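Asker: Below you'll find the structure I mean.
The values are calculated or read from the model by the stated rules, or taken from the named source; none is laboratory data. Predicted model only: the values in this text are computed from it and were never measured. Using ideal geometry, Cβ is built from the backbone for each residue, glycine included, and neighbour counts are taken over all protein chains shown.
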Amino acid sequence: MAETFSIGEALAAPVRVIRRHPLAVFVWGLTMVVFSLVLSGLIFGSLADLPLTADGSAEASPELLGRMMALQGVSMLANLGQLALSVIIWTATMRAALRIGRPDRYFFMRAGMDELRVGVVGIALFVGAYIAVIVLVLLGVAIGAVAWQANEALAVVLGFVMVLGLIAAVIYAMARLSLIAPATLILERFAFVEGWTLAKGRMGSLLGLLVCTWLIYMAMYFVIAFLAILGFFASGVFAHMQAAGDALTFRDLMPSPGVLAGLVVLLLGPGAFLYGAVMTLLCAPFASACRQLLDGSPQGALEA
């Protein structure tokens with residue numbers, strides 16, 4: 001087992017995956033985009049002919065309430081489906097990072113025990129973190145209430161310090177727990193203990209990797225958001241929304257079929273690839289770091 005890992009090598013992992021397996025990256029994003037488009041189409045299709053009031057909101061008619069109840073059930077099933085797809089693609093990105101340069105006819109996507117274990121790990125970490133945050137927030141509120149009774153200024157300062165402390169604790173926990181899922185995939189068993197142990201004594205490197213990953217992600221996010229806004233202006237989507245004050249139904253709020261077709265093409269093309277690239281960026285570095293720590297040398301580094 002290596003004493004530490006190379007942050008540069010870990011950050012290079014998603015670049016290598018994208019460069020060596022661009023079609024897989026596109027398929028990962030396309031899978032999620034198609035699922036979201038189909039779901040959006042179903043929801044819009046069920047609400048398209050509902051009338052709107054004068055202020056542009058939907059009338060609270062029994063028909064609307066009935067459809068909304070039905071949509072809630074569909075939404076719950078859709079959330080489960082999206083969760084399953086996310087786990088499959090999450091695992092696929094890590095698998096690709098561990099097998100850079102090796103062909104895979106299914107784009108590294110599976111539906112087997114690896115995905116089940118990674119899914120259980122992800123849910124367990126999310127639920128555990130959610131409960132911990134709730135407990136800390138309630139404890140902070142109690143402390144703040146007591147401090148408010150003593151000194152209001154002190155309570156404000158203390159509240160600010162506790163918020164910063166909570167943010168720091170969440171970031172620390174994300175870094176400390178970041179190797180559990182990759183270790184579970186690599187070792188082919190639940191690796192809560194192994195992942196936790198691997199992170200021990202390496203928090204500086206893991207925090208650095210986490211910060212670098214999120215900085216790159218935020219830079220990509222702002223660039224993509226800026227390009228999307230320009231695209232909306234150029235395609236006339238915003239102009240249509242401003243001119244939709246006399247809309248009678250939900251369908252009247254939608255842009256023209258040509259504009260919608262253009263947006264769908266963008267989402268299914270460049271949008272899908274960017275979606276897959278972002279998912280690769282968020283997952284592959286930690287798989288590479290885990291591989292380095294377990295083996296002492298990153299798998300695939302010589303192949304890329």
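Asker: Taking only pairs six or more apart or across chains, which ones have beta-carbon atoms under 7 Å, a first residue in the stretch 24-39 that is free of Cβ contacts under 8 Å to residues at least 12 places away in the same chain, and a second residue that is part of a helix (DSSP H, G or I)?
Answerer: none
Asker: Let me ask something else about it. Among the listed residues L253, L227, L248, L215, which satisfies the condition of being at pLDDT 90 or above, of a type in the set (A, V, I, L, M) and either touching a strand residue (DSSP E or B) at 6+ places or on another chain (Cβ under 9 Å) or closer than 19 Å to I18 by Cβ (or both)?
Answerer: None of the others qualify; the one that does is L215.
Asker: Are there any pairs, at least 6 apart or on different chains, whose C-beta atoms fall under 7 Å, with the first in the stretch 142-155 and exposed (fewer than 14 other Cβ atoms within 10 Å of the Cβ) and the second in a helix (DSSP H, G or I), and if so, which?
Answerer: Hits for this filter: L154/A147.
Asker: Do we find a residue being farther than 20 Å from L281 by Cα, modelled with pLDDT of 90 or more and of a type outside the set (G, A, S) anywhere in the stretch 177-187?
Answerer: yes
Yes or no, residue by residue, for (1) modelled with pLDDT of 95 or more; (2) part of a helix (DSSP H, G or I); (3) of a type outside the set (A, V, I, L, M, F, W, C):
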| site | (1), (2), (3) |
| --- | --- |
| V264 | no, yes, no |
| L274 | no, yes, no |
| T280 | yes, yes, yes |
| R291 | no, yes, yes |
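Asker: Which residues, taken from the stretch 170-186, are of a type in the set (S, T, Y) and surrounded by fewer than 18 Cβ atoms within 10 Å (Cβ to Cβ)?
Answerer: Selection gives Y172 alone.
Asker: Can you tell me how many residues in the stretch 83-114 are within 21 Å of L11 (Cα to Cα) and aliphatic (A, V, I, L, M)?
Answerer: 7
Asker: Could I ask something else about it? Of everything in the stretch 41-65, what is in a helix (DSSP H, G or I) and either touching a strand residue (DSSP E or B) at 6+ places or on another chain (Cβ under 9 Å) or at pLDDT below 70 (or both)? Give them in sequence order.
Answerer: Once the filter is applied, which keeps residues that are in a helix (DSSP H, G or I) and either touching a strand residue (DSSP E or B) at 6+ places or on another chain (Cβ under 9 Å) or at pLDDT below 70 (or both), the stretch 41-65 yields L47, P62, E63, L64.
Asker: Pick from the stretch 108-126 the residues that are farther than 13 Å from W90 by Cβ and at pLDDT 95 or above: which of them is surrounded by the fewest Cβ atoms within 10 Å (Cβ to Cβ)?
Answerer: That would be M113.
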